[in-house]
Amino acid sequence: MTHASETGGATTRRGQEHFVAPVDETPLQAVDALNTDVKPRSLWSQAWRDLRRNPMFIVSAVLIAVVVAVAAFPQLFSSLDPYAQGACRLTNSYGDPIPGHPFGFDQQGCDVYSRVIYGARPSVIVGVVTTLGVFLLGGLIGALAGWFGGWIDAILSRLTDIFFAIPLILAAIVVGQLFELNALTLAMILVLFGWTAIARIARGSVMSVMNEEFITASKALGASSSQNLFRHVVPNAVAPVIVTAMVNLGMYIVLEATLSFLGVGLPESTISWGADISTAQTGLYTRPELLFYPSGALAITILSFIMLGDAVRDALDPKTKKR
């Protein structure tokens, strides 16, 4: 049987006294008070604060920094230039590792280590340029479609569907035959046919932000459509677009390696990981390690960008934050 008792003006049951505090000790004003001396954090400052505390972001950022440094300054990591005349000698064909050549030699007598180092540049260029291109083109088309709606949205959405129906690898192979490919040309071809996913995400994100109350308040205060689009909608809708673009960067590096592996990507005179993987197939039974070096570099690079994209997604999207 329970008994009610009067404590501090509040009615409580026996055994529950410690859950009740006198009202005068916890005034409502103190509970709901806001600290006006601290400036509220923006989405981006809060995201950067979370990223700095995320070990996955730190590891991926360090790996990406190393890959970018290797691509930008390969001569700092290898004293041998594989593009130099006489760099490959048939007398060294399938030679074992020796001092100065830690990975040994391939079938043509080329130093495998220097080729892995110099093969990072075209892959990184294709991945970065393609990502920037699809981010700008797809983001612009998706933002215009989501913002204006109506017949503009209908036309841009149907255009997106047409390009989305074209397989990216097939389009790159067919269109690539019309040009003398290099890293930049291949990146432009991938941008031309690879912007559709970003456009769809940008369109949905813009349409979602347009329904927010602060957009209605901005319109009520007299802001024009262009001001709302570039000052309010785009900054608040760009987060999922950035995350998707960063994750897809690794996919574009894979596409470059795939095309080079098939012999329809970069020319043979260009050193790339995909071409070296294809060449290493001939010695798979006798020297399988020659396949692991370019494959390992490619895998580490792709994994780094995927990890970075996941970390940025967790920081920018509160719904996906791990508790």
*Provide E213, E256 ordered by accessible surface of protein heavy atoms (probe 1.4 Å), highest first.*
E213, E256
*Neighbourhood net charge (15 Å Cβ-Cβ; Lys/Arg +1, Asp/Glu -1) for K219*: -1
*Taking the Cβ of F164 as the center, what net charge do the other residues with Cβ under 15 Å away carry, scoring Lys and Arg +1 and Asp and Glu -1?*
+2
*For region 113-121, what does the Karplus curve 6.51 cos²θ - 1.76 cosθ + 1.60, with θ = phi - 60°, yield as ³J(HN,Hα) per residue in whole Hz, taken in order and with x for Gly and Pro?*
4, 5, 5, 5, 5, 6, x, 6, 4
_Residue-level accessible surface for F193, protein heavy atoms, 1.4 Å, Å²_ = 30 Å²
_Accessible area (Å², 1.4 Å probe, nearest 10) - F179_ = 120 Å²
*With a Förster radius of 25 Å, plug the Cβ-Cβ distance of T258 and Y83 into 1/(1 + (r/R0)^6) and report the FRET value to the nearest 0.05.*
0.60
*So what is the diffusion coefficient of region 184-323 in µm² per second by Stokes-Einstein at 37 °C and 0.692 mPa s, using a Kirkwood Rh over Cα pairs?*
181 µm²/s
*Take the Cβ-Cβ distance between E268 and A217 as r, set R0 to 45 Å, and report the resulting FRET efficiency rounded to the nearest 0.05.*
0.15
*Tally Lys/Arg at +1 and Asp/Glu at -1 over every other residue whose Cβ is under 13 Å from the Cβ of V129; what's the total?*
0
*Using a 1.4 Å probe and counting only protein heavy atoms, arrange E268, E212 so the residue with the most accessible area comes first.*
E268, E212
_Sort S45, S79, S205, S269 by heavy-atom solvent-accessible area, probe 1.4 angstrom, most to least._
S79, S269, S45, S205
*Might you work out the accessible area of T286 for me, using a 1.4 Å probe with all protein chains in place, and round it to the nearest 10 Å²?*
100 Å²
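The values are calculated or read from the model by the stated rules, or taken from the named source; none is laboratory data. Being a predicted model, the structure only gives us computed values, none of them experimental. Glycine also receives a Cβ, built like all others from the backbone with ideal geometry; neighbour counts cover every protein chain displayed. These area figures cover heavy atoms from the full protein model, side chains too; ligands, DNA and RNA do not enter into them. Shrake-Rupley method; radii C 1.70, N 1.55, O 1.52, S 1.80 Å.
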